[in-house]
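Okay, so here's the structure we're looking at.
The values are calculated or read from the model by the stated rules, or taken from the named source; none is laboratory data. Keep in mind that what you see is a predicted model, and the values were worked out from it rather than measured. Here Cβ is always computed from backbone atoms with ideal geometry, including for glycine, and neighbour counts include all displayed protein chains.
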Amino acid sequence: MIKETQFTNSTNSLIYLTMKNFLVLFREPDGRTDEHSHEEIDRHQFNWNSWFEKFGGKGNLAGGSGLSLNGCMINNLQSDTINDIYRNGTEIVGGYILLRAIDLDEAAEIIRSCPIFEFGGTAEIREIE
C-alpha cells in the first residue's frame, strides 16, 4: 500500500509525496548471552518507547513486533523440521517494523536514530514491492 503525505514548502505551496513501504529486520545478539543491568534495560526500553512515539506520530510506522525465541526451520521439502530459530553465531532476528518513508535514504535516516544499535544490534532495510 502506498501512502501519500502532504506538507507545505517554503513558498506555502502544498506538496504531495508518495511514501514507500519498507520492512526493517532487526538483528541483535541473543539477549540470553549478554548481561545488562536493570538500569540499562530500563533506559533502552524508554528510548524505544520515545522512538516509537516520535515516528509513529509522524506516520512513519505501520506495524511491527518483537519476535519470540520459539520457532522452527525447514531447509527443504525433504528435510526434517528443526525446532530452533536461525542464528548466525549468537545473532538472531529479534523483531521487525513496517516503515513508511519517501525513499530508501529517508528510511535509513529514520533507522539511524533507532535504539537497536545501543546493545550491538543491526538493521536491514528492504523496500516492499
- Message: Consider region 49-83. How many of its residues are touching a Cys at 6+ places or on another chain (Cβ under 7 Å) and surrounded by 10 or more Cβ atoms within 10 Å (Cβ to Cβ)?
- Response: 2
- Task: Scan region 73-85 and report the pairs whose first residue is free of Cβ contacts under 8 Å to residues at least 60 places away in the same chain and whose second residue is among the hydroxyl-bearing types (S, T, Y), with Cβ atoms within less than 8 Å and a gap of 6+ or a chain change.
- Result: M73/T81; M73/Y86; I74/T81
- Could you tell me which of the residues I116, I111 is more than 12 Å from F22 (Cα to Cα), in a helix (DSSP H, G or I) and in contact with a strand residue (DSSP E or B) (Cβ under 6 Å, 6 or more places away or on another chain)? I116
- Filter result (crowded, with 16+ Cβ neighbours inside 10 Å and without any contact (Cβ under 8 Å) to a residue 40 or more places away in the chain) within region 86-112: E106
- Item | Flag for D30 being modelled with pLDDT under 90, surrounded by 14 or more Cβ atoms within 10 Å (Cβ to Cβ), of a type outside the set (G, A, S) and within 27 Å of N88 (Cα to Cα) | yes
- Item | Selected residue (criterion: modelled with the lowest pLDDT) from residues of region 49-106 that are within 30 Å of T18 (Cβ to Cβ) and among the hydroxyl-bearing types (S, T, Y) | S65
- Give the residue, chosen from G64, G94, that is of a type outside the set (A, V, I, L, M, F, W, C) and at positive phi. G64
